[in-house]
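Here's the structure we're looking at; comments come further down.
Since every read-out is calculated from the coordinates, none of them should be taken as a lab result. As the structure is a computational prediction, the values presented were derived from the model and not from experiment. No Cβ is skipped: glycine too gets one built from the backbone with ideal geometry, and neighbour counts run over all protein chains shown.
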Amino acid sequence: MAFPKNFLWGGATAANQCEGAYNVDGRGLANVDVIPHGEDRWKVALGVKKMTDFEAGYYYPAQEGIRMYEHFREDIAMFAEMGFKTYRLSIAWSRIFPKGDEEEPNEKGLQFYEDLFKECQKYGIEPLVTITHFDCPMHLITEYGGWSNRKLVTFYERLVRVLFNRYKGLVKYWLTFNEINIILHAPFMGAGLLIEDGVDPQQAKYQAIHHELVASALATKIAHEVDPEIMVGCMLAGGATYPLTAKPEDVWAAHEMARMNYFFIDVQSRGAYPRYALQQFKRDGIEIVMEAGDTELLKENTVDFVSFSYYSSRVAAGKEDGENETAGNVFSSIKNPYLKASEWGWQIDPLGLRITLNELYDRYQKPLFIVENGLGAKDTVEPDGSINDDYRIDYLREHVKAMDDAINLDGVELLGYTTWGCIDLVSASTGEMSKRYGFIYVDRDDQGNGTYARSKKKSFDWYKQVIASNGENLD
Ligand code: BG6
């Protein structure tokens, strides 16, 4: 069936996973730069091993990414060739404010994104911009304690004022924080949060979350003041949560797990802390310090649309059976016996996307935007240079069909779809390059060796035809 006339088909990337040029044109160091490849990656991402600078003996894949800082014109031309209507990217905060607390922004950083947005404009591609995709300037972490400090709201405010004013007319769609719920699972990677020894982690996380929620509402307010045309969205690491069985305890566990994630969007989209969360905080002894005016700010500045990433559904049970756990997007979940999984153990569930779309739409009644979805897989370059990624096409086709059903059979309002890693980039969870998502292959290996040349995979032409037919031709 038909997709809406102005449906925004496209692809998504994040600054730290593709730009490289980590110290070029005045860019400052950020948390995302110092998360190494290799066995310590997760310890650092979680903040268990505190790393605030590069250390000898480690390889840091974000230093080079896929060198998009140099290649962006070529990359955007290839996106345009596929017919992209939108391109989701993120701003590296430390390119704009290298330390984070300066009064004046770094002009070279601002110019880089201006050039990039104008390049998009040349092809009629609408940028969809994530203000922070996991990154936080390192100086804000070492000097202020990152998001645990209320001052971060002021620094973030400074950042967004600069962005909205400078890019007025160039960017209409903004997202405040990528996968805001990831802070619960990987606080250092997700938000530059290092929890001090002796501090209760839940207390520290929820206080930091409050600051992010206030910053997000403030950004929404400022965006609308600067330009009423701007649409601001929140962004959730999404995925419906299923109970392992029909046992009421399992159903309740699934309900609780889902609410742990919905909590963020409940605040950003409905405008207030939900009662279940307040009760939970009371039970757990969590006390959130709020300032006068926070409640009103949250209430009056809810988001215009709800965006989310979707890779898989999740499974919960009353009593978890650790042996049955499976991998997936930082969350550990119980294995669903009915689903197949990717090479990295992420379970594949297209119907779960339809369920997720319906759950979010029922709950928030706001337009939705799928801003990440895709299959991380190893690709083989044939002797003639071709890459036959039929597995990726199959994955995407089934998810596009699920979107179609959600729109046309269920009435869900969906603004667009940006597949994750439309060009191969560094994996967030593993730091590998070999976990590839793209329609465009990048010649680089897990250690950063390669020519960084770009080439088309089979899925490139497939997606081009999907977009040209507005989702009708999926063969
Ligand atoms: C999302 C992130 O969690 O999943 C991306 O927003 C990330 O940054 C994507 O890359 C896919 O995860 P991974 O670990 O396969 O790169």
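What is the local net charge at Pro274, summed over the other residues whose Cβ is closer than 12 Å to its Cβ (Lys, Arg +1; Asp, Glu -1)?
Values: positive: Arg259, Arg270, Arg275, Arg363; negative: Asp266.
Net of charged neighbours comes to +3.
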Fill in: Sorted by Cβ neighbour density within 10 Å, fewest at the top, the residues Glu157, Glu107
Glu107, Glu157
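May I ask you to list the trypsin sites (Lys or Arg not before Pro) in region 1-93 that are in a DSSP loop and have at most 14 other Cβ atoms within 10 Å of their Cβ?
Details: sites: Lys5, Arg27, Arg41, Lys43, Lys49, Lys50, Arg67, Arg73, Lys85, Arg88; in loops: Lys5, Arg27, Lys49, Lys50, Arg67, Lys85.
Loop-located and lightly packed - Lys5, Lys49, Lys50.
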Discussion item. Along the Cα→Cβ direction, 7 angstrom out, place labels at Ala272 and Leu46. What is the inter-label distance in nm?
Written reply: 3.7
Worksheet item: Of Asn106, Phe264, Phe72, which is farthest along the charge dipole of the chain in the positive direction, counting Lys and Arg as +1 and Asp and Glu as -1 at C-beta?
Response: Phe264
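Provide the FRET efficiency to the nearest 0.05 for the Lys168-Thr245 pair, computing r from the beta carbons and using R0 = 51 Å.
Values: r = 53 Å, r/R0 = 1.03.
FRET efficiency, Lys168 to Thr245: 0.45.
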Worksheet item: Of all the C-alpha pairs in region 8-468, what % are more than 35 Å from each other?
Response: 25
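If I stretch the segment between Asp101 and Thr154 completely, what's the gain in nm (0.36 nm per residue apart, minus their alpha carbon distance), one decimal?
On the way: separation 53, 0.36 × 53 = 19.08 nm, distance 0.88 nm.
In short, 18.2 nm is gained.
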Worksheet entry | Efficiency of FRET from Cβ geometry, Asp227 and Thr295, R₀ 25 Å, rounded to 0.05 | 0.45
Worksheet entry | Whole-Hz ³J(HN,Hα) from phi, Karplus 6.51 cos²θ - 1.76 cosθ + 1.60, for region 98-103, glycine and proline x | x, 9, x, 10, 5, 7
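Using Cβ contacts closer than 10 Å as the measure, can you line up Trp42, Trp147 from fewest to most? Don't jump to the answer; show the numbers that get you there.
Details: Trp42 17, Trp147 29.
Arranged by neighbour count, lowest to highest, Trp42, Trp147 become Trp42, Trp147.
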Worksheet item: What is region 326-475's relative contact order, in percent, from Cα pairs under 8 angstrom and six or more apart in sequence?
Response: 21
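May I ask you to sort Glu359, Glu287 by Cβ crowding, counting other Cβ atoms within 10 Å and putting the fewest first?
So the residues, fewest neighbours to most, are Glu287, Glu359.
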Practice prompt. Quick one: compute the contact order of the chain, relative version, from alpha carbon pairs under 8 angstrom and 6+ residues apart, as a percent.
Written response: 18
Practice prompt. Please work out the FRET efficiency for the pair Ala377 and Leu351, using the Cβ-Cβ distance as r and a Förster radius of 25 Å; give the result to the nearest 0.05.
Written response: 0.75
Worksheet item: Once the piece of chain linking Leu474 and Gln63 is laid out straight, how much longer is it, given 0.36 nm per residue of separation minus the C-alpha distance between them?
Response: 144.3 nm
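Please report, in debye to the nearest 20, how large the charge dipole of the chain is about its Cα centre when each Lys and Arg carries +1 at its beta carbon and each Asp and Glu carries -1 there.
Details: 50 positive and 71 negative charges, 127 e Å.
In debye, rounded to 20, the chain gives about 620.
So which GluC sites (Glu not before Pro) in region 202-277 are both in a DSSP loop and have at most 13 other Cβ atoms within 10 Å of their Cβ? Don't jump to the answer; show the numbers that get you there.
Values: sites: Glu212, Glu225, Glu229, Glu249, Glu256; in loops: Glu229.
In loop regions of region 202-277 (DSSP not H, G, I, E or B), the sparsely surrounded GluC sites (Glu not before Pro) are Glu229.
When only Cα pairs under 8 Å and 6 or more residues apart are kept, what is the percent relative contact order across region 207-350? Please list the in-between numbers first.
Numbers: 215 pairs, mean separation 43.2, N = 144.
That works out to 30 percent.
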Item to complete: Calculate the spin-label point distance for Glu359 paired with Tyr123, positioning each point 7 Å from the Cα along the beta-carbon direction, and give it in nanometres.
Response: 3.5
Response to the item:
Inter-part gap, Cα centre of region 294-312 to Cα centre of region 398-474, in whole angstrom, is 25
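So how many Lys-Lys pairs in region 39-126 land under 25 Å Cα to Cα, not counting same-chain pairs under 8 apart?
Lysine pairs meeting both conditions in region 39-126 amount to 8.
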